[in-house]
Amino acid sequence: MALVNPFVSPTRTFLPLRVSAPPNKGLRWTVYSASFKPSLRSKHATCGAIADIKAAPLADSEADDAVLVVPTTEEEVKGEYDWTEEWYPLYLTKNVPEDAPLGLTVFDKQLVLFKDGNGQLHCYEDRCPHRLAKLSEGQLIDGRLECLYHGWQFEGEGKCVKIPQLPADAKIPRTACVKTYEVRDSQGVIWVWMSLKTPPNDSKLPWFENFARPGFRDISTVHELPYDHSILLENLMDPAHVPISHDRTDWTAKRENARPLSFEVIERTDRGFAGWWGAEKDGSRPNFLRFGAPCVLQNNREIVDKNGVKNYFSGLFLCRPTGQGKSMLIVRFGSTRSSSPLAKLFPEWYFHQNASKVFEQDMGFLSSQNEILLKEKVPTKQLYLNLKSSDTWVAEYRKWMDKVGHGMPYHFGHSTISLPKEPAVVEHAPAGLVAGQSASSPAKGGIGTMHAPNLANRYFRHVIHCKGCRTVVKAFHAWKNALSAVAVTLVALAILVSGKQWKAILLASASLCSVGVYACSSAIAMNTTNFLRTHRRL
């Protein structure tokens, strides 16, 4: 998936496009030239090929430099960077459980998020100081977070307020407390500041201007994915793959529309980069992309309708690193323009399952890409053949990694690399909210292993994180069971009654109930069954 809206209406009128770059709060940008000046050859460019184009013959090096993004001779100056001194997107506010703790991770740091009795959010390190049990396995008692191992209870700034095993005259040890992390609820997303040493820097908290505009509405989803967050971001800023990978997923993606693209990089800093892009043949770049540290990508544009009214459109991707070979993504597509009448006929869960399908279409090759990067252990310039006409943002992102990767737990840059120093966290048993869902649906499997193969399952990737979809699946199950019971009862009555007219009425009613059962089963399958390409089916 890339800069494509999986929730779009099946019908939309094309209108003149004009885009402006909205300001990004708290960021200062330095403007650079968008042109590339290649002078070095990457190590992988050793094989010959014949291009399917008719042009004047060029020397091998000139031909490659004309179409490939190759490394420059300039060394990037690495500034100070600490991955903990950033805000990371944790969860959609509307999906945070009211009555249970939620276990989450940022890189290899395990956190627990919960609401106390007053509805206030708290974020702790996800381990009890007593015997290291996961607090996300626990429960909420009178607004306090209770460890389910021995019943120790914590509240506020991580203070332990109850130990059932202590004698009546004993005091709770002052060291019986948990580490806490600062969180903010901003524009419908919960963000966490990961540093325990530096106070939160609110100027770094992302703010998205379009989402604050009057009348702006969005459809937002959460997805867990079985590959590194850098692979995810790279994929999301790659519009060239959309016509091929997502062919006919919606009206915007058709493989025959794959074509050269044009890019213009206008801003580069140690906080990210930004620029314009569009189809090369149009000669315009109507889309504005901005990547901001540590893991925020947005694609904006403005459309002026036939009445001269300007409407704002945004595709926002908030990518959280959740460990080696894993990531979590919050996707938000929205606009100030009212939805089409046809789009309003579809329930929100339909668009959610369509978004899941989009990620499933990319999942196989992105997971394999992640695996190859870990095996090869070299920077991407030695592995990738980045084209100027499609992969400019990918090259920019990996070059940004070169600047700041030294301040991350691990990174794969364009010219540099640092492999994980810590072993991958392997969860042999699901915890917290996931445990509850997997216990009720054992056929869905557990979660574990470095590349999280079970996260290929739509149920774990999305449904358990979405209140709306969980409610819908539960409701369809209830309707399916009720209609099945009614259908059986009607058939039994049809057998017992003697009148032909009554038999016909009862059997017709049973048939309608059976149709309802089939419809409910289909809706459940749409929400829980992975997309599988036709040519991959056996």
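The values are calculated or read from the model by the stated rules, or taken from the named source; none is laboratory data. Bear in mind the structure is a predicted one, so any value in this text is a computation, not a measurement. Note: ideal-geometry Cβ built from the backbone for every residue, glycine included; neighbour counts use all protein chains shown. The accessibility values were calculated without ligands, DNA or RNA, using every heavy atom of the protein model including side chains. Shrake-Rupley method; radii C 1.70, N 1.55, O 1.52, S 1.80 Å.
Overview of results
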| read-out | value |
| --- | --- |
| Filter result for Leu225 (modelled with pLDDT of 95 or more, of a type outside the set (Lys, Arg) and surrounded by 15 or more Cβ atoms within 10 Å (Cβ to Cβ)) | no |
| Residues located in region 79-99, provided they are surrounded by fewer than 16 Cβ atoms within 10 Å (Cβ to Cβ) and assigned to a loop (DSSP other than H, G, I, E, B) | Gly79, Glu80, Asp82, Glu98, Asp99 |
| Enumerated strands (runs of 3 or more DSSP E) restricted to region 286-340, each holding at least 3 residues that are touching a Pro at 6+ places or on another chain (Cβ under 7 Å) and crowded, with 21+ Cβ neighbours inside 10 Å | none |
| Hits in region 259-277 (condition: of a type outside the set (A, V, I, L, M), touching a strand residue (DSSP E or B) at 6+ places or on another chain (Cβ under 9 Å) and assigned to a strand (DSSP E or B)) | Ser262, Phe263, Glu264, Glu267, Arg268, Gly272, Phe273, Gly275, Trp276, Trp277 |
| The one condition in (1) loosely packed, with under 14 Cβ neighbours inside 10 Å; (2) modelled with pLDDT under 90; (3) assigned to a helix (DSSP H, G or I); (4) not small (Gly, Ala, Ser) that Trp502 fails to fulfil | (2) |
| Some residue of region 120-133 being in contact with a Ser or Thr (Cβ under 6 Å, 6 or more places away or on another chain), exposed (fewer than 13 other Cβ atoms within 10 Å of the Cβ) and either within 25 Å of Thr198 (Cβ to Cβ) or of a type in the set (Asp, Glu) (or both) | no |
| Scan of region 342-378 for residues that are part of a helix (DSSP H, G or I), within 22 Å of Gly468 (Cβ to Cβ) and open to solvent by 70 Å² or more (accessible area, probe 1.4 Å), ordered by number | Lys344, Glu348, Tyr350 |
| Selected residue (criterion: surrounded by the most Cβ atoms within 10 Å (Cβ to Cβ)) from residues of region 203-215 that are more than 20 Å from the chain's Cα centre (by Cα) and touching a residue at least 40 places away in the same chain (Cβ under 8 Å) | Lys204 |
| Verdict on Val473 being assigned to a helix (DSSP H, G or I), closer than 25 Å to Gln361 by Cα and modelled with pLDDT of 90 or more | yes |
| Filter pass, Asp238 being over 25 Å from Leu385 (Cα atoms) and crowded, with 16+ Cβ neighbours inside 10 Å | no |
| Residue within region 173-196 that is in contact with a Gly (Cβ under 9 Å, 6 or more places away or on another chain), within 21 Å of Cys466 (Cβ to Cβ) and not in a helix (DSSP H, G or I) present | no |
| Residue within region 513-525 that is of a type outside the set (Asp, Glu), within 24 Å of Arg248 (Cα to Cα) and either in contact (Cβ under 8 Å) with a residue 12 or more places away in the chain or open to solvent by 70 Å² or more (accessible area, probe 1.4 Å) (or both) present | yes |
